[in-house]
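Reading through the C-alpha cells given below for one structure.
The values are calculated or read from the model by the stated rules, or taken from the named source; none is laboratory data. The structure presented is a predicted model; accordingly, all values stated were derived computationally and were not measured. When we count neighbours, we look across all protein chains shown, and the Cβ atoms used for this are built from the backbone with ideal geometry, even at glycine.
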Amino acid sequence: MRGIKHLALVPLLSALAVTAPASAFEYPLSGTAIREAFLTGNANNDRTTEFFLKYAHSLPAPETGPHVAIISLRTPYEQVVERGASVTDYHAQEAEQEFLGKPLPFFVRVQIDFTPTYPIYPAPGPDGANSLLQPLPNLERDFKIEVIQDKKISPRSTNTYLVYSDESYNIFGTSGVVIEQEYDPEQINSSEITVKVRTPDGQDVETTFDLDQLQ
C-alpha cells in the first residue's frame, strides 16, 4: 500500500544496549535471540547506541540536487531491540511472548533531504501565489530504489513520509522525505545486501550492509 504520511524530524538514534548479541542475521527469531535483543535495547547504554549505528549509513551531500542522506535497515532483530529501548516495566519474558512465532518484516529506509537546488516546492510566483495548490511529485516513482542480494529483491509495499524541520528550504517546513520499503525476511539471508538509489537528476547512490555482521 502507498501513501504520504507526516513524520516529525527526530534524532535517528535513541539511547540504547547490552548483552552479547547473535552474530548474524537470522529469521525467524528464536526465543534466545528475542530475549537478547530486548535486553540490548532495554539497557539504554552506549552499547545500545553502537548497535543502532551499524544499521544506518550516512552518505555525503552532492554538489547539486537532492541529498540521499541516510540509508538504513530495520531487521526483525533490530525491531525487537527498539522495542526494548522504548518500554519500561516490561521484561524479556514478555518480549519473547510478544514476538516468538510472530511475523516481522524487513524494512529498508531511504532518507532524502531537500536542498536549495532540489526544494520540491516551487518558489512563489510574482503575484505572491505559493505552491499550496501544487501537487507533490511522485517521489516513489522519481527515486528508484533497488535492494540486491545475489539478485534484485522486490518489496511487498512502499510508504513515503514527509520530514519536517525548522531548517527546511521552503515555507512549508518540509526538509525531506523518508521512503520505506517492506520486504519478506524469508527472502533475505546472512550475506551482503546492497541498496541502490537513482535520483531524478541522475545520481547513483549505493551502500552495502554485511548481514553476516548484523542481526
Please enumerate the residues belonging to region 18-55 that are buried (at least 21 other Cβ atoms within 10 Å of the Cβ), among the small types (Gly, Ala, Ser) and free of Cβ contacts under 8 Å to residues at least 60 places away in the same chain. Gly41
Take region 44-60 and flag every residue that is more than 24 Å from Gln203 (Cα to Cα) and either in contact with a Phe, Trp or Tyr (Cβ under 9 Å, 6 or more places away or on another chain) or part of a helix (DSSP H, G or I) (or both). Asp46, Arg47, Thr48, Thr49, Glu50, Phe51, Phe52, Leu53, Lys54
Please report, ordered by residue number, the strands (runs of 3 or more DSSP E) entirely within region 133-197 with at least 1 residues that are farther than 26 Å from Phe209 by Cα and among the aromatic types (Phe, Trp, Tyr). 157-164
From the residues in region 146-166 that are of a type in the set (A, V, I, L, M, F, W, C) and closer than 17 Å to Glu182 by Cα, which one is surrounded by the fewest Cβ atoms within 10 Å (Cβ to Cβ)? Ile148
For Ser175: the one exception among (1) in contact with a helix residue (DSSP H, G or I) (Cβ under 9 Å, 6 or more places away or on another chain); (2) crowded, with 19+ Cβ neighbours inside 10 Å: (1)
Please find, within region 61-83, the residue that is surrounded by the most Cβ atoms within 10 Å (Cβ to Cβ) out of those that are among the aliphatic types (A, V, I, L, M) and not in a helix (DSSP H, G or I). Val68
Check on Ser58, farther than 27 Å from Gln149 by Cα, surrounded by fewer than 18 Cβ atoms within 10 Å (Cβ to Cβ) and of a type in the set (Ser, Thr, Tyr): no
Name the residues in region 81-98 that are among the β-branched types (Val, Ile, Thr) and farther than 15 Å from Leu29 by Cβ, would you? Val87, Thr88
Answer yes if at least one residue in region 86-94 is within 25 Å of Ile153 (Cα to Cα), not in a loop (DSSP other than H, G, I, E, B) and not polar (S, T, N, Q), and no otherwise. no
Residues that are at pLDDT 75 or above and closer than 11 Å to Val177 by Cβ, drawn from region 119-145: Ile120, Pro137, Leu139, Glu140, Asp142, Phe143
